[in-house]
Amino acid sequence: MAEKKEARIGVFLCHCGTNIAGSINIKEVQDYARTLPGVVVSDEYQYMCSTPGQGKIVDAIKEHNLTGIVVAACSPRLHEPTFRVASKVGGINPFRFEMANIREQNSWVHMHDKEGATAKAKDAVRIAVAKASLLEDLFPKSVPVEKAAIVVGAGVAGIQASLDLANAGIPTYLVEKTPTIGGRMSQLDKTFPTLDCSQCILTPKMVDVGRNENIILKTYTEVEKVEGYIGNFEITLRKKARGVMTPEEAEAKGIVGGGCNGCGDCSGVCPVIKGNEFEFAMAPRKAIFIHHPQVVPNIYTVDFESCIKCGLCVEACGDKKAIDLEMEDSFEKIKVGTAILATGYELFPIEKKAEWGYNRFENVITGLEFERLICASGPTGGHLVRPSDGQTPKKVGFVLCAGSRDNTGIGKPYCSRFCCMYSLKHAHQIIEKIPGVKAYLFYMDIRSFGKMYEEFYYRIQDEGAKFIRGRVANILEDPKSRNLMVFAEDTLLQRPVNIELDLVVLASAVQPSPEADTVRKLFGVSKSADGWMLEAHPKLNPCGTTTAGVFLAGVCQGPKDIPDTVAQAEGAASAASIPIHVGKVELEPYFAQCMEEKCAGCGMCVNLCPYSALALVEKEGKKVMQVTEAKCKGCGTCGGFCPGGAIHMQHFTTPQIVAQIDAFLLGGEQ
Amino acid sequence: MAEEWQPKILAIICNWCSYAGADLAGGARIQYPPDIRAIRVMCTGRVDPLFIMKAFQDGADGVLVSGCHFGDCHYLEGNFKAAKRMFLIKSVLKNIGLNDKRLRMTFVSASEGAKWAGVVTDVIKTVKELGPSPLKEFQK
Ligand code: FES
């Protein structure tokens, strides 16, 4: 901190083609920069981030013996890393670089005010120069990376990501809140446009997960707490009381040859009947249950909310002694280097769109309920029937964009992206299974954007499905027949239509689940305006997040179909494996430091630190604060509150920030 | 110099939400008036009351502090701690005869570009209505 060289600053202005130069007079700012204290060179270039642009910085550092660099260009969130490297190549410490944002926060938002934008750019450069004059050499801290990863959510995204990580040799905790892995995909019957059976392609992967030595499967488990940072996350898991022990758990308790083997004897004798969530309550389950025969792991679960503790199951289980009706939630701490969130989606509560009568009319169902009703392993053995009377429907309507692309404030403004295609698939399935059936699709636009999707759309048209372009305004039920009167507008023929149908399927919008939001906050990931998790960059970093070491896979980042989900999961796995394989990461050195001569030992900061990185220690007979750098994430909250100004927040020091404020308010042309 | 008085407004914004939101407004080319200069900190928790008082002492006509929404702070609750401090600073401002509307704290997330533009527009409007800071006199 001590040695102060006289500041010699170089200022470099980027035109960014016309992106900046179109609204800001670069020449004027460049000339102005030369007049600022400490500035010894001021240059400009079409694209500073290009190789010749960076070359200018490198050369200038050597030629002018610079101590600080200012680049006025786009956002530091975009190119700060680029120019830090250039500074380093030029031979100065990369943290002696400061960026002035004259694009995102200037030329792009003041496109028609060249005078105002130019004045603002001058101020921005002046502020940046003031900071650059006070920047110090800093050295990133290199920390080792724990060789393990966590994947939260075991739908197809989480499964794929875990398998990839595990196959790359990384021990991976796969955490799932429900008793089984498989997620939404395991509820589907067939997948578009290839029509392969969803279970048939997913089950082998589920079995692989169960078998893979590097995957530590944690079902019926939730993330309780996340501490630490990239390379060293300490995660507390809550293992919910399952009431049933696995063979391993039984063995650990000294029960030899015991534990659940999935025989189901317990369920046979259980007197409590509940709706099976997996089947959307269209089939029953017991209070001790598995959701479906293909569950992984094949272990029963006690639903303690409905269990009456009669003990019949314990008797039926006999010597296996797998059931423990007094079991309680338990906690476990794990250490991982990186994390992937794959928390998926839930259906938008479509009953909120009251005009379509979901929940009021039995024969109005959702697309996911349709999947279960048409699935051979579903509650009806694959015979599509009307919920009201068990009859085979002859006229079926599909309402697309149900709650999606909805700007009424009730539904979701976004496109849910896979409903067009699954509705086409649904139409195909009934035409194939029910002779003489009529399928009506009420649509806004058919979005068949993927590989072989448009061809699939043509195929369904050829198969005779009727397409009516228009939103369904209202659905009414005939109380006797329980048939549905559907009122819509055919916008192509410009006339109202009303059709009597046996069954209506709502292709309901999707949304993040409330639990997903809890996970999001635990990992410090932001959300987009639409509620999905926010990626680090929508185009160039769609798997990353702003929390280093945390990645996204699947629908939790935004609606996507299975191929896109799997692709993103593989991307996330690859990204998450990089720090682990490298074995170390560099942390930005924005640590707090205590200036002991100023510290009064009051301890305010100790309580304010969200990471318990600070402590009071005795030094030379006086109490002073001490920082554990590995725990400090550099938020600066301690520095903002220290009454004595005794905290030196590296790269955001009080003198630096005050210099910026002074430069803005006192330094300019008054 | 332009005829119309241009207020001097300082914004101190956090890297993770408001700065990103401001960048997003740029990406979406949402236009707003230029009378604001932003300084980036990692978190609004870093905002020392000293910074705000210094700005007013230097003659700032308004100060905006903007961070993440509660519950979304990249460092858990820095914004909360900063918000609590704002009340105190506002009462100090009142005591020294400054209208406390000259200081505002807002919460703009990384996805709220339009909101950022709205906040800035509104802050500028408020400060313009209040006129130049009376503390400017003391500077001379
Ligand atoms: S990081 Fe935005 S307010 Fe803390």
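For the stretch B:47-56, the set of residues classified as buried (at least 24 other Cβ atoms within 10 Å of the Cβ), at the interface with chain A (Cβ under 7 Å from one of its Cβ atoms) and in a helix (DSSP H, G or I) consists of B:A55 only. Within the stretch A:102-122, restricting attention to residues that are open to solvent by 20 Å² or more (accessible area, probe 1.4 Å) and not aliphatic (A, V, I, L, M), the residue that is nearest to the other protein chains (Cβ to nearest Cβ) is A:W108. In contact with a Ser or Thr (Cβ under 8 Å, 6 or more places away or on another chain) and more than 16 Å from the ligand (Cβ to nearest atom), is that true of A:K631? Yes. Quick one: would you say B:A83 is open to solvent by less than 40 Å² (accessible area, probe 1.4 Å) and under 30 Å from A:E227 (Cβ atoms)? Yes.
From the set of residues in the stretch B:57-76 that are open to solvent by less than 40 Å² (accessible area, probe 1.4 Å) and more than 9 Å from every other protein chain (Cβ to nearest Cβ), which is nearest to the ligand (Cβ to nearest atom)? Result: B:G67. A single entry from B:Q6, B:Q31 fulfils the requirement of being more than 7 Å from chain A (Cβ to nearest Cβ), over 13 Å from the mean Cα position of the chain (by Cα), surrounded by fewer than 22 Cβ atoms within 10 Å (Cβ to Cβ) and more than 16 Å from the ligand (Cβ to nearest atom): B:Q6.
The single condition from (1) under 22 Å from A:A663 (Cβ atoms); (2) facing chain A (nearest Cβ under 8 Å) that B:S18 fails is (2). A single entry from A:V58, A:V151 fulfils the requirement of being among the β-branched types (V, I, T), outside any loop (DSSP other than H, G, I, E, B) and open to solvent by 10 Å² or more (accessible area, probe 1.4 Å): A:V58. Please verify whether B:T44 is open to solvent by less than 10 Å² (accessible area, probe 1.4 Å), within 12 Å of the ligand (Cβ to nearest atom), of a type outside the set (A, V, I, L, M) and in contact with a Gly (Cβ under 9 Å, 6 or more places away or on another chain), treating the condition exactly as stated. Yes. Note on the stretch A:463-529: enclosed strands (runs of 3 or more DSSP E) holding 2 or more residues that are open to solvent by less than 80 Å² (accessible area, probe 1.4 Å), among the aliphatic types (A, V, I, L, M) and touching a residue at least 24 places away in the same chain (Cβ under 8 Å) are A:472-477, A:484-490, A:495-501, A:503-508. When A:I434 is tested against the conditions (1) under 33 Å from the mean Cα position of the chain (by Cα); (2) assigned by TED's automatic domain parsing to the domain that holds A:W356, the lone failure is (1). Among the candidates A:N407, A:N359, the residue that is surrounded by fewer than 18 Cβ atoms within 10 Å (Cβ to Cβ) and modelled with pLDDT under 95 is uniquely A:N407. Taken over the stretch A:614-670, the residue count meeting the criterion of being assigned to a loop (DSSP other than H, G, I, E, B), more than 9 Å from chain B (Cβ to nearest Cβ) and open to solvent by less than 10 Å² (accessible area, probe 1.4 Å) is 2.
The values are calculated or read from the model by the stated rules, or taken from the named source; none is laboratory data. What you see is a predicted model; the values in this text were computed from it and never measured. Positions of Cβ are backbone-derived with ideal geometry, glycine not excepted, and every protein chain shown enters the neighbour counts. Heavy atoms of the whole protein, side chains included, go into the accessibility calculation; ligands, DNA and RNA do not. Shrake-Rupley method; radii C 1.70, N 1.55, O 1.52, S 1.80 Å.
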